Amino acid sequence: MYEIGMAKLIMQNKISKACLKAAACLADEVDALPFAAPTTHIYNPLRYAWEGHRRYLELHAGTRKKILFLGMNPGPFGMAQTGVPFGEVSLVKDWIGVECAISRPSNEHPKRRIEGFACERSEVSGRRLWGLFAEKYPQARDFFSDHLVANYCPLVFMEASGRNRTPDKLPATESAALYAACDAHLRALVDVLKPVWVIGVGAFAEARAKEALVGYAVNTARILHPSPASPAANRGWAEQAEKELKALGVW
């Protein structure tokens, strides 16, 4: 029994270390990319919030997964604050089990301060997403035994006003290199986690997964994005998402 337990632990360490290596490589690659106006501020949580991301992967990315949920990029009150995808502070602390000191980006926007786990603003998308998972799986370890949540792009883009700028709004001259780096990272995650499904949280993430994973023996699909900017998501997002997952045969 001891030998079996040790073998399992070694495998877990191998998988989580591979995920961490992929994340560190992605951080290096996107840091080297140029972006022009109207983008004026860029946050890379894989740098200043690395400790939160590292703990998340070490805790929960140590096993092969059935389902990899894929978001677009960090929200200003979620992963930007905690380093955890869709990282609603309360759920990251109380259910996911991550809490640590978070640094600040060097180019901090005065309207988008990084407060880390002291942030009192709610990441609505994260509250909805992780809230559904926590309701279905009261013990986080039961969820993470088969699931993991990642973001396609690790960067937060902002305009001078502080307005959020999503990756799909970037010009092709900027997005091509960004997508190439993010595609490679997604393939690295799929190579090590061996998911049966990669499910985009929203249409953008699904489209990027389909393109990045051409030739891979993995199913791709999507669920409705939980953003409060979506009228459909504001009409009972959790019920709709669960219905979509059951229709796919995932849940």
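Tally time: how many residues in the stretch 198-217 are hydrophobic (A, V, I, L, M, F, W, C), under 17 Å from Phe86 (Cβ atoms) and buried (at least 20 other Cβ atoms within 10 Å of the Cβ)? First the steps, then the outcome.
The initial filter retains those residues of the stretch 198-217 that are hydrophobic (A, V, I, L, M, F, W, C), namely 198-199, 201, 203-205, 207, 209, 212-214, 217.
If we keep only those that are under 17 Å from Phe86 (Cβ atoms) too, we end up with 198-199, 201, 203-205, 209.
Going one step further and asking which of them are buried (at least 20 other Cβ atoms within 10 Å of the Cβ), we end up with 198-199, 201, 204-205, 209.
So the count comes out to 6.
Give the residue that is farthest from Glu159 (Cα to Cα), with candidates limited to residues of the stretch 105-138 that are surrounded by 13 or more Cβ atoms within 10 Å (Cβ to Cβ) and among the aliphatic types (A, V, I, L, M).
Ala134
Can you give me the ranges of the helices (runs of 4 or more DSSP H) entirely in the stretch 1-120 with at least 1 residues that are closer than 26 Å to Pro171 by Cα? Steps first, answer last, please.
Values: elements: 2-31, 45-48, 50-60, 79-82.
Ranges flagged: 2-31, 45-48, 79-82.
So, His225, is that one in a loop (DSSP other than H, G, I, E, B), surrounded by 14 or more Cβ atoms within 10 Å (Cβ to Cβ), out of contact with any Lys or Arg (no Cβ under 7 Å at 6 or more places or on another chain) and at pLDDT 95 or above or not?
yes
Right, Glu206: in a loop (DSSP other than H, G, I, E, B) and under 19 Å from Pro74 (Cα atoms) or not?
no
If you scan the stretch 183-197, which residues turn out to be buried (at least 17 other Cβ atoms within 10 Å of the Cβ), among the hydrophobic types (A, V, I, L, M, F, W, C) and under 19 Å from Leu26 (Cα atoms)?
If the condition is that a residue be buried (at least 17 other Cβ atoms within 10 Å of the Cβ), among the hydrophobic types (A, V, I, L, M, F, W, C) and under 19 Å from Leu26 (Cα atoms), then Leu186, Ala188, Leu189, Val190, Val192, Leu193 are the ones that fit.
Please find, among Gly131, Gly126, the residue that is under 19 Å from the mean Cα position of the chain (by Cα), at pLDDT 95 or above, under 30 Å from Pro34 (Cα atoms) and part of a helix (DSSP H, G or I).
Gly126
Kindly indicate which of Val201, Val218, Val190 is among the hydrophobic types (A, V, I, L, M, F, W, C), closer than 22 Å to Gly75 by Cβ and modelled with pLDDT of 95 or more.
Of the residues listed, the single one that is among the hydrophobic types (A, V, I, L, M, F, W, C), closer than 22 Å to Gly75 by Cβ and modelled with pLDDT of 95 or more is Val201.
Among the candidates Ser90, Ser125, which residue alone is among the polar types (S, T, N, Q), more than 24 Å from Ser16 (Cβ to Cβ) and in contact with a Ser or Thr (Cβ under 6 Å, 6 or more places away or on another chain)?
Step by step, each of Ser90, Ser125 is checked, and only Ser125 is among the polar types (S, T, N, Q), more than 24 Å from Ser16 (Cβ to Cβ) and in contact with a Ser or Thr (Cβ under 6 Å, 6 or more places away or on another chain).
Answer with yes or no whether Arg141 is closer than 18 Å to Leu57 by Cα, charged (D, E, K, R) and surrounded by fewer than 18 Cβ atoms within 10 Å (Cβ to Cβ).
In short, yes.
Are any residues in the stretch 139-192 touching a strand residue (DSSP E or B) at 6+ places or on another chain (Cβ under 9 Å) and of a type in the set (Ser, Thr, Tyr), and if so, which ones?
Residues satisfying the conditions are Tyr152, Thr166.
Looking only at the stretch 136-164, filter to residues that are of a type in the set (Phe, Trp, Tyr) and either modelled with pLDDT under 95 or part of a loop (DSSP other than H, G, I, E, B) (or both); which one of those is nearest to Ala23 (Cα to Cα)?
Tyr152
Looking at the stretch 162-178, I want the residues that are of a type outside the set (Val, Ile, Thr) and have a partner that is assigned to a loop (DSSP other than H, G, I, E, B) and loosely packed, with under 13 Cβ neighbours inside 10 Å with Cβ atoms under 6 Å, at least 6 apart or on another chain. Which pairs are those?
Listed pairs, sorted by first residue: Gly162/Lys111.
The values are calculated or read from the model by the stated rules, or taken from the named source; none is laboratory data. Source: prediction; values computed, not measured. No Cβ is skipped: glycine too gets one built from the backbone with ideal geometry, and neighbour counts run over all protein chains shown.
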